[in-house]
Amino acid sequence: MPVLALDTSGAVAVALTSDAGEVLAARADSQQRHHAELLAPMIESVLAEAGVDRRELTAVVVGTGPAPFTGLRVGLVTARTLALGLGIPVLGVPSLDAIALAASRVAPVGTTIVVATDARRREVYSSTYRADGPGLVTVLAEPAVGAARTVTVEPGALVVGRGAALYPEALGAHTVPDGLLDPDPAELAVLAIARRAAGLDLPTEPLYLRRPDAVPPAASKRVGG
């Protein structure tokens, strides 16, 4: 039964998978600030490539960040709206978890994995994991935002994500493989399916970690005479 997964925490990425995690079709575009224009056509494209009608979908999985406000909101609203219209569940998974899961497939068991993505303002979103085997990770540190130099990186840790590529000196990272730069929505689907089977809650509340850049002006106060 097909599952649609999408992530707009960095690149715009969409994947259609089976309920066993097999990728049926996928699309990704690294353009920044074009999430709203790109996402809907990419969803239609993966459905068409796989020959799947949207009414056949059994769930929609979405990355919940952390990420800048605008791009992340596009993905969350799209996922919620689509799921509501189809009467199927929408399942949220932290986007950094997907990068960690991909890294666990190449890291020796027991390796500490530090995921760092671009938070702009010369900062990174980061979280730390332990590789428990291919496709298995344990969260050691919850997502946080801050300067790259403030992220704790143990000796021997594998540092991945686009933030690691941006700030290699601060994070002790070298070349980061392409597949470990941005969240893969297919990995989000794998995580969501496993966590739902384990009875875990999968909320779609966004992980912004800081206030949006654009905020409404404060209301003016009336001063009595």
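Within the range 27-77, being more than 16 Å from the chain's Cα centre (by Cα), of a type in the set (Ser, Thr, Tyr) and in a helix (DSSP H, G or I) holds for one residue alone: Ser45. Among the residues of the range 153-167, are any free of Cβ contacts under 8 Å to residues at least 60 places away in the same chain, surrounded by fewer than 23 Cβ atoms within 10 Å (Cβ to Cβ), under 17 Å from Leu101 (Cβ atoms) and not charged (D, E, K, R)? Yes, some residue in the range 153-167 is free of Cβ contacts under 8 Å to residues at least 60 places away in the same chain, surrounded by fewer than 23 Cβ atoms within 10 Å (Cβ to Cβ), under 17 Å from Leu101 (Cβ atoms) and not charged (D, E, K, R). In this structure, is Leu84 among the aliphatic types (A, V, I, L, M), part of a helix (DSSP H, G or I) and in contact (Cβ under 8 Å) with a residue 60 or more places away in the chain? Considered against the rule, which asks whether it is among the aliphatic types (A, V, I, L, M), part of a helix (DSSP H, G or I) and in contact (Cβ under 8 Å) with a residue 60 or more places away in the chain, Leu84 comes out as no. All conditions but one from (1) surrounded by fewer than 24 Cβ atoms within 10 Å (Cβ to Cβ); (2) among the aliphatic types (A, V, I, L, M); (3) in contact with a Ser or Thr (Cβ under 7 Å, 6 or more places away or on another chain); (4) assigned by TED's automatic domain parsing to the domain that holds Ser126 apply to Val114; the one that does not is (1). Of the residues making up the range 10-19, just one is over 20 Å from Gly75 (Cβ atoms) and in contact (Cβ under 8 Å) with a residue 60 or more places away in the chain, namely Asp19.
Residues in the range 176-202 that are touching a helix residue (DSSP H, G or I) at 6+ places or on another chain (Cβ under 8 Å) and either assigned to a loop (DSSP other than H, G, I, E, B) or modelled with pLDDT under 95 (or both): Val176, Gly179, Leu181, Asp182, Pro183, Asp184, Leu202. Considering each of Arg55, Arg73 in turn, give the residue that is in contact (Cβ under 8 Å) with a residue 24 or more places away in the chain, surrounded by fewer than 21 Cβ atoms within 10 Å (Cβ to Cβ) and closer than 18 Å to Leu209 by Cβ. Just a single option satisfies the conditions, and that option is Arg73.
The values are calculated or read from the model by the stated rules, or taken from the named source; none is laboratory data. Model, not experiment: these values are computed from the prediction. Neighbour counts run over all protein chains shown; Cβ positions are idealised from the backbone, glycine included.
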